[in-house]
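Asks: Take this structure first; my questions come after.
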Amino acid sequence: MTTKLDNYDRVLLSAIQQDARVPQSELGEKASLSTAAVNRRLRVLTNNGVIERYSACINPSKVGYNLTIITEVMVETERADLLDEMQKRFKACPQIQQCYYVAGECDFVLIFLVRDMAQYVTLTRQLFLDKTNVKAFKTLVAMERVKTGMQVPIDKDGAA
């Protein structure tokens, strides 16, 4: 369900996606609102689930994760309990940065951040080969990190 946003909300959301540490007084200047109004709006946006969390964006290579791998996973059977178990396993793996249950030629698309290929091989054995519901998987190795992020486009025209 889409939340009704006005222009003030859009300005605030755009600003905090760029830098969530911006002081509320500065956000107020950008949105032409008082600090109290900014605080109130951010609280409402959080309570309504528009803002899911605040986090830091860390450069993976600076902390030893030099390899990004995109993996397409095909399942043997789409029994709900087996799919639920797979999703639970994928969510629990810290090296899986993103996981999508998709329609099309594969059933899941996973984005891994790993230190090296040896770590990925170990993870494939744990996640895909040892008593799992995986029929096949395809590995794509990212050669260069061109653009990453989780920013949501905030339309200025009032579409949301």
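Asks: May I ask you to compute the full-extension gain from Leu129 to Glu26, defined as 0.36 nm times their residue separation minus their alpha-carbon distance, rounded to one decimal in nm? Walk me through the numbers on the way to the answer.
Replies: Values: separation 103, 0.36 × 103 = 37.08 nm, distance 5.16 nm.
Extra length available between Leu129 and Glu26 comes to 31.9 nm.
Asks: While we're on this one: Suppose only helical runs count, i.e. DSSP H with n ≥ 4. What mean residue ellipticity at 222 nm does that imply for the chain under -39500 (n - 2.57) per run, divided by all residues and rounded to the nearest 500 deg cm²/dmol? Don't skip to the end; give the middle numbers.
Replies: Values: 5 runs with 54 residues, N = 160.
After summing the helix terms and dividing by residue count, I get -10000 deg cm²/dmol.
Asks: Run the quick spin-label model on Ala92 and Tyr8: label points 7 Å from Cα toward the beta carbon, then report their separation in nm to one decimal.
Replies: That separation, rounded to one decimal, is 4.6 nm.
Asks: Okay, next question. How long is the gain from Val63 to Val152 if the chain were fully straight, where each residue apart is worth 0.36 nm and the alpha carbon distance is subtracted?
Replies: Working: separation 89, 0.36 × 89 = 32.04 nm, distance 2.55 nm.
The Val63-Val152 span can extend by a further 29.5 nm.
Asks: What range in the chain is the longest one free of trypsin sites (Lys or Arg not before Pro) that are in a loop by DSSP and have at most 10 other Cβ atoms within 10 angstrom? Walk me through the numbers on the way to the answer.
Replies: Working: sites that count: Lys4, Arg21, Arg53, Lys131, Lys147, Lys156.
Excluding the exposed sites themselves, the longest stretch runs over 54-130.
Asks: What part of the accessible area of the chain, given as a whole %, is carbon or sulfur when the probe is 1.4 angstrom? Display every interim value, and only then the final one.
Replies: Working: 5710 of 11050 Å².
Ligands and nucleic acids excluded, carbon and sulfur give 52 percent.
Asks: I've got another one for you. Expected output is a single nm value to one decimal: the length gained when fully extending between Thr77 and Asp116, i.e. 0.36 nm times separation in residues minus the C-alpha distance. What is it?
Replies: Numbers: separation 39, 0.36 × 39 = 14.04 nm, distance 3.06 nm.
Additional length available on full extension: 11.0 nm.
Asks: Take the cross-link list Lys62/Lys88; Lys30/Lys62; Lys62/Lys91; Lys62/Lys147; Lys91/Lys135; Lys91/Lys138 and give me the ones stretching past 26 Å between alpha-carbons.
Replies: Details: Lys62/Lys88 28 Å; Lys30/Lys62 32 Å; Lys62/Lys91 24 Å; Lys62/Lys147 16 Å; Lys91/Lys135 19 Å; Lys91/Lys138 19 Å.
Exceeds cut-off: Lys62/Lys88; Lys30/Lys62.
The values are calculated or read from the model by the stated rules, or taken from the named source; none is laboratory data. Here the structure is a predicted model, which is why all the values come from computation and not from measurement. Glycine gets a Cβ as well: all are built from the backbone with ideal geometry, and neighbour counts include every protein chain shown. Note: areas computed on protein heavy atoms with side chains; ligands, DNA, RNA excluded. Shrake-Rupley method; radii C 1.70, N 1.55, O 1.52, S 1.80 Å.
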